[in-house]
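**Q** Just dropping this structure here.
The values are calculated or read from the model by the stated rules, or taken from the named source; none is laboratory data. No experiment lies behind these values; they were computed from the predicted model shown. Note that each Cβ is placed from the backbone with ideal geometry, even for glycine, and that neighbours are counted across all protein chains shown.
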């Protein structure tokens, strides 16, 4: 049996693919901002907070990192309504992605904080800076520069994992691909095109993050 490639349907599908890609970009943009902020707060709290907070963050990290992302997503979207908490699919996806990403990046940011020599903190405190100022102006920039490649990779991985949220009918790229192949019966061509779109998004996102990192953190970011 021979298979004949047919991309004739693509001209009429570019709008759906573009809308799906735009939703994917929105999801990862919100997740990156919220997840990075949460990971910085979590890493700092795990090192300098009270014992109860340290244990709570540790439990959160272990639970999220040792359970499937799909189960976490279903728990938020299908489980929470059982106790009266109903979320829009897009909001549920953003929440699940943020919580998942933060659990991993808390460890990444924490490794960066540990890499900053303690003598720098002691010197800054001796000069009269407050602990919060020391953390924001001295410790955090150096820590982010150390872990930026790992942080960038985790963000790209999270963008690719966003395909899972199609399971709760979020109209992102994979969801649109499923709908297109169901209408056209051209599964090979559909998923080939969408694979190329994901590849372009991944490369573009990585370059954007590296360029932004160089502007914010200086030379040496890769």
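**Q** Just the residues that are part of a loop (DSSP other than H, G, I, E, B) and in contact with a helix residue (DSSP H, G or I) (Cβ under 6 Å, 6 or more places away or on another chain), please, taken from the range 187-221. Break it down into steps so the answer makes sense when it comes.
**A** Here is the first cut: in the range 187-221, the residues part of a loop (DSSP other than H, G, I, E, B) are 218-221.
Scanning the range 187-221 gives a single hit, 221.
**Q** Consider residue 65 carefully, then state whether it is modelled with pLDDT under 95, in contact with a helix residue (DSSP H, G or I) (Cβ under 8 Å, 6 or more places away or on another chain) and within 18 Å of residue 109 (Cβ to Cβ).
**A** Numbers: modelled with pLDDT under 95: no; in contact with a helix residue (DSSP H, G or I) (Cβ under 8 Å, 6 or more places away or on another chain): yes; within 18 Å of residue 109 (Cβ to Cβ): yes.
Here the answer is no, as residue 65 does not meet what is asked.
**Q** If I filter the range 141-155 for residues that are surrounded by 19 or more Cβ atoms within 10 Å (Cβ to Cβ), assigned to a helix (DSSP H, G or I), within 14 Å of the chain's Cα centre (by Cα) and free of Cβ contacts under 8 Å to residues at least 60 places away in the same chain, do I get at least one hit?
**A** The answer is yes, given that some residue of the range 141-155 is surrounded by 19 or more Cβ atoms within 10 Å (Cβ to Cβ), assigned to a helix (DSSP H, G or I), within 14 Å of the chain's Cα centre (by Cα) and free of Cβ contacts under 8 Å to residues at least 60 places away in the same chain.
**Q** Here is a further query. Is one or more of the residues making up the range 41-57 touching a helix residue (DSSP H, G or I) at 6+ places or on another chain (Cβ under 9 Å), modelled with pLDDT under 95, part of a loop (DSSP other than H, G, I, E, B) and farther than 26 Å from residue 90 by Cβ?
**A** yes
**Q** Taking only pairs six or more apart or across chains, which ones have beta-carbon atoms under 7 Å, a first residue in the range 209-222 that is more than 17 Å from residue 156 (Cα to Cα), and a second residue that is surrounded by 10 or more Cβ atoms within 10 Å (Cβ to Cβ) and at pLDDT below 80?
**A** Cβ pairs passing all conditions: 214/221.
So that you can scan it fast, the table gives a plain yes or no per residue for (1) within 16 Å of residue 160 (Cβ to Cβ); (2) in contact with a strand residue (DSSP E or B) (Cβ under 9 Å, 6 or more places away or on another chain); (3) free of Cβ contacts under 8 Å to residues at least 12 places away in the same chain; (4) crowded, with 19+ Cβ neighbours inside 10 Å:
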site: 18; (1), (2), (3), (4): no, no, yes, no
site: 22; (1), (2), (3), (4): no, no, yes, no
site: 37; (1), (2), (3), (4): no, no, yes, no
site: 43; (1), (2), (3), (4): no, no, no, yes
site: 47; (1), (2), (3), (4): no, no, no, no
site: 51; (1), (2), (3), (4): no, no, yes, no
site: 54; (1), (2), (3), (4): no, no, yes, no
site: 67; (1), (2), (3), (4): no, no, yes, no
site: 71; (1), (2), (3), (4): no, no, yes, no
